[in-house]
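Undergrad: Let me begin by handing over the structure; questions about it come next.
What follows is calculated from the coordinates using simple rules that are stated; it is not laboratory data. Values in this document were obtained by computation on a predicted structure and should not be read as measured data. Note that we place each Cβ from the backbone using ideal geometry, even for glycine, and neighbour counts take in every protein chain shown.
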């Protein structure tokens with residue numbers, strides 16, 4: 001009798017295993033044309049993005065190589081000379097690079113404290129109703145065309161700076177006004193990314209800090225900010241990258257013509273790399289001329305700067321990332 005029961009149990013176990021295998025085989029073999037189409041579409045998007053990036057690198061590299069092999073200048077002079085005068089055959093990118101870094105530095109002086117402060121308020125202090133109202137209003141700044149920011153810098157910020165520091169000290173076109181307005185432009189980017197990083201910190205860390213007797217300010221400074229450090233630093237770096245690549249604001253408000261100044265003077269006109277590209281490319285340039293190919297050399301320099309900033313952002317995110325169970 002016991003043998004028959006054991007045999008019946010074994011038969012039932014085998015039948016269950018066979019049924020499970022059939023169900024699993026049926027599950028994996030079931031056709032899903034919709035998911036397959038989406039998978040192929042996403043694969044094609046990834047391949048297209050990769051080939052687009054490679055195409056940009058190829059074009060920049062090819063045209064830049066023509067520029068450096070034309071005999072007018074070489075890579076060492078291009079990176080070390082302080083004169084950018086294409087009419088005289090002098091192509092030193094340092095004045096354009098200095099102006100780009102000056103406007104980006106001024107932009108970060110404005111965007112970092114204001115962006116981080118607004119992110120802390122929205123994430124830690126603001127009630128839900130206030131947060132749901134203020135965050136969309138703040139992000140409206142990201143939708144304003146940059147040409148509007150450029151004219152705002154020229155017609156409002158520059159007169160304000162001349163009224164504060166004097167008309168003799170501040171020129172009509174200057175990097176300070178352009179940098180300040182660029183900081184206002186990238187403020188939503190830094191604020192939104194930093195606020196997301198702060199909001200992702202687990203609530204249990206805050207409650208543990210409160211349980212030890214810490215105030216809300218102490219909890220933010222000593223617990224929340226260190227826990228969200230990787231996301232906050234990544235937001236800063238992305239903001240810098242956005243400032244370096246900005247074109248219309250500096251083209252309208254910073255001025256035209258390269259200007260090397262040491263120590264840097266933020267109240268005089270100076271042309272950035274993107275501003276020079278925008279100004280020269282709108283003129284009558286003959287194809288494959290030295291001036292034409294120099295624009296690609298500047299673009300290649302911008303590409304390496306933004307690439308370096310993106311790699312730095314990824315390294316910072318991995319280095320300072322906190323993982324919570």
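Undergrad: Helix 290-319 sits at what angle to the longest principal axis of the chain, using alpha carbons and giving 0 to 90 degrees rounded to 10?
TA: 40
Undergrad: Cα centroid distance between segment 95-137 and segment 229-297, in Å?
TA: Comparing the Cα centres of segment 95-137 and segment 229-297, I get a distance of 22 Å.
Undergrad: Then there's this: Hey, what angle do you get for helix 2-29 against the long axis of the chain, alpha-carbon based, 0 to 90 degrees rounded to 10?
TA: Tilt relative to the chain: about 30 degrees.
Undergrad: Restricted to Cα positions, what overall size does segment 147-251 have along the principal axes? Three whole-Å values, descending.
TA: Cα spread of segment 147-251 along its principal axes, largest to smallest: 57, 27, 17 Å.
Undergrad: Taking the C-alpha atoms of segment 74-221, how large are the radius of gyration and the largest Cα-Cα span, Dmax, in Å?
TA: Over segment 74-221's Cα set, Rg and Dmax evaluate to 21.1, 70 Å.
Undergrad: Give me the number: length gained by fully extending residue 148 to residue 50, i.e. 0.36 nm times residue separation minus the C-alpha to C-alpha distance, one decimal in nm.
TA: Answer, rounded to one decimal: 32.0 nm.
Undergrad: Calculated FRET efficiency, residue 130 and residue 265, Cβ-Cβ r, R0 45 Å, to nearest 0.05?
TA: 0.60
Undergrad: Further question: Looking at segment 221-268 from every direction and averaging, what is the projected area of its Cα convex hull in nm²?
TA: It is 5.4 nm².
Undergrad: A further question follows. When the helix-only estimate is applied to the chain (DSSP H runs of n ≥ 4, each -39,500 (n - 2.57), divided by the residue count), what is the mean residue ellipticity at 222 nm, nearest 500 deg cm²/dmol?
TA: Helices in the chain give a 222 nm mean residue ellipticity of -22500 deg cm²/dmol.
Undergrad: Report, to the nearest 10°, how far helix 128-139 tilts away from the longest principal axis of the Cα atoms in the chain, using its own Cα long axis and a range of 0 to 90°.
TA: Approximately 40 degrees, to the nearest ten.
Undergrad: Still on this structure: Can you compute the FRET efficiency between residue 39 and residue 318 using 1/(1 + (r/R0)^6), with r the Cβ-Cβ distance and R0 = 41 Å? Round to the nearest 0.05.
TA: 0.90
Undergrad: As an exercise, find the ratio Rg/Rh for segment 173-306 from alpha-carbon atoms, using the Kirkwood inverse-distance average for Rh.
TA: Rg/Rh: 1.19.
Undergrad: For 193, 134, which order do you get if you count the other beta carbons within 10 Å of each Cβ and list the fewest first?
TA: Ordered by Cβ neighbours within 10 Å, fewest first: 134, 193.
Undergrad: With 10 angstrom as the radius, rank 165, 152, 105 by how many other C-beta atoms surround their C-beta, starting from the fewest.
TA: Starting with the residue having the fewest Cβ neighbours, the order is 165, 105, 152.
Undergrad: Measuring from label point to label point, each 7 Å out along Cα→Cβ, what is the residue 114 to residue 212 span in nm?
TA: 3.5
Undergrad: Given springs between every Cα pair under 10 Å in a Gaussian network model of the chain, which of 171, 314, 87 has the largest fluctuation?
TA: 87
Undergrad: Still on this model: For 63, 35, which order do you get if you count the other beta carbons within 10 Å of each Cβ and list the fewest first?
TA: 35, 63
Undergrad: Can you compute the label reach from residue 221? Point 7 Å from Cα along the Cβ direction, backbone N cut-off under 16 Å, restricted to segment 104-137.
TA: 117, 120-121
Undergrad: Further, regarding this structure: May I ask you to work out the translational diffusion coefficient for the chain at 37 °C, viscosity 0.692 mPa s, via Stokes-Einstein with Rh from the Kirkwood sum over Cα pairs, reported in whole µm²/s?
TA: 137
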